[in-house]
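Before any comments, here is the structure.
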Amino acid sequence: MKYKLAVKPGTTRKNKTGGWRTYVPKFLHEKCIACNMCNLVCPENICYPNKKKKKNKSGKIYYQSDLKYCKGCGICAENCPAKAIIMQLDK
Ligand code: SF4
Ligand code: SF4
């Protein structure tokens, strides 16, 4: 018997899942080295260079996440090589 997965990574884009979380990532823009690791590891692929293409003092277009879909899992913070993301309680 074949089983099908009920969900696939990234499919929650169709549903705004941001209301579920307890923790939320805070991006420390000055530390960002724009390596894209947070987006690679994020289950929802919702970490992007900021839309206004603003740069930090190091000249990097810093990243942020789309909090409408962020579930607060913390994987981005765990894997950021620059320690540019911290998790904090969502208010
Ligand atoms: S993983 Fe960290 S340093 Fe890399 S783009 Fe994301 S926030 Fe910036
Ligand atoms: S906390 Fe999880 S869902 Fe939210 S941006 Fe980071 S990796 Fe993505």
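The figures follow:
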{"quantity": "Residue exposure sequence - LYS60, LYS16 - by fewest surrounding Cβ within 10 Å", "calculated": "LYS16, LYS60"}
{"quantity": "For LYS91, net neighbour charge (Lys/Arg +1, Asp/Glu -1) across residues whose Cβ lies under 12 Å away", "calculated": "+1"}
{"quantity": "Proportion of all alpha-carbon pairs of the range 21-89 beyond 17 Å (%)", "calculated": "32 percent"}
{"quantity": "Cβ-Cβ FRET estimate between LYS53 and TRP20, R0 fixed at 30 Å, reported to 0.05", "calculated": "0.50"}
{"quantity": "Residue (of ASN39, HIS29, LEU67) at the positive-pole extreme of the range 21-89, dipole from beta-carbon charges", "calculated": "HIS29"}
{"quantity": "Environment charge at SER65 (Cβ cut-off 11 Å; Lys +1, Arg +1, Asp -1, Glu -1)", "calculated": "+1"}
{"quantity": "Modelled FRET efficiency - R0 35 Å, GLU30 with CYS73, Cβ distances, 0.05 increments", "calculated": "0.90"}
{"quantity": "Spacing of the two label points (7 Å from each Cα toward its C-beta) at ILE86 and ILE61, in nm", "calculated": "2.7 nm"}
{"quantity": "Cα-centre dipole for the range 36-90 with unit charges at Cβ (Lys and Arg positive, Asp and Glu negative), debye to 20", "calculated": "480 debye"}
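Rule-based calculations on the coordinates, nothing more; no lab input. All of these numbers come straight from a predicted model, not from anything done at the bench. Cβ atoms come from the backbone with ideal geometry, glycine included; neighbour counts cover every protein chain shown.
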